Amino acid sequence: MSDIRQIYPAKNVLSSDWHGLSEYLIAKIFEVDKNGARTNPESIEIHAPFTEANIEATLNWQSPFENSSADQKAPALVAILQSGAIKENIKAIPFIGNLLIGNQVTAASSIEEGINRFEGRTGITKLNSTQIFTGMPPLKITAVLLFRAYKNSYSEVEKPLRQLWQFALPKKISADSLVARLKNVVGDTTSALLPSEAPTFVGLEYKRRYYAPLVIESIGEALSSPISSDGYYTEILVPITFGTLTALDRNDMSATWSSI
């Protein structure tokens, strides 16, 4: 996560007309490099309000010792000892039942007293439940972008939507086989071995927070959205999911708050 703010103001903004809506309620999406810096003054920037926006971090804490207790090694036995149910089972066994007759009462009582000591006891300890941090995946930002036409459905809805797809999809996917590519290669074999190009990295500015570099993990387009007489959407909600390029630490997150 970079703390580098965009170096140049955007010249090519694709957006609906929001009539003075606070700039902090408008999400700005633009292309960045792998370090999260936007250095191209001619690059396109998409502006749209966010609805249902959420950022989520999944922190993997695990208890590696939780399966080392007697409860886990012999769960059925420990369960009947802890509940006291084993006493009824012992009485049901003929040999043990005979101990309860005549001169064997004392021995039987000792057995029952020994069993009673397990009742209400458990093998759970603080060590068993101790958690350790095992890592975390990149953060997820989910939201719904709103585009709607005030004057022109093509420029206010269709163009920013198309550009959003351009950001999300791979720049190029090769259609040739490896054999065909190697046959025509001259010199460097990089393009033959890895012929396709991954999608671009994007940056996101929203409510005085700056996240970059991000990748677009998913995007949706409701094809049933209303259209104008010329066939372009007049309004559309676009669900989108961003992911940070790497997991973030506290310094990375602090940079998203202080860089604007």
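The values are calculated or read from the model by the stated rules, or taken from the named source; none is laboratory data. What you are looking at is a predicted structure, and each value in this text was computed from that prediction instead of being measured. No Cβ is skipped: glycine too gets one built from the backbone with ideal geometry, and neighbour counts run over all protein chains shown. Surface areas here come from the heavy atoms of the whole protein model, side chains and all, with no ligands, DNA or RNA. Shrake-Rupley method; radii C 1.70, N 1.55, O 1.52, S 1.80 Å.
Looking across segment 192-214, the residues that are open to solvent by less than 40 Å² (accessible area, probe 1.4 Å), more than 16 Å from K172 (Cβ to Cβ) and of a type outside the set (D, E) come down to V202, G203, L204, Y206, Y210, Y211, A212, P213, L214. Every condition in (1) under 20 Å from the mean Cα position of the chain (by Cα); (2) within 23 Å of E52 (Cα to Cα) is met by T234 except one, and the failing one is (1). The condition (being open to solvent by less than 20 Å² (accessible area, probe 1.4 Å) and either within 20 Å of L139 (Cα to Cα) or within 17 Å of the chain's Cα centre (by Cα) (or both)) is satisfied by just one residue among T246, T256: T256.
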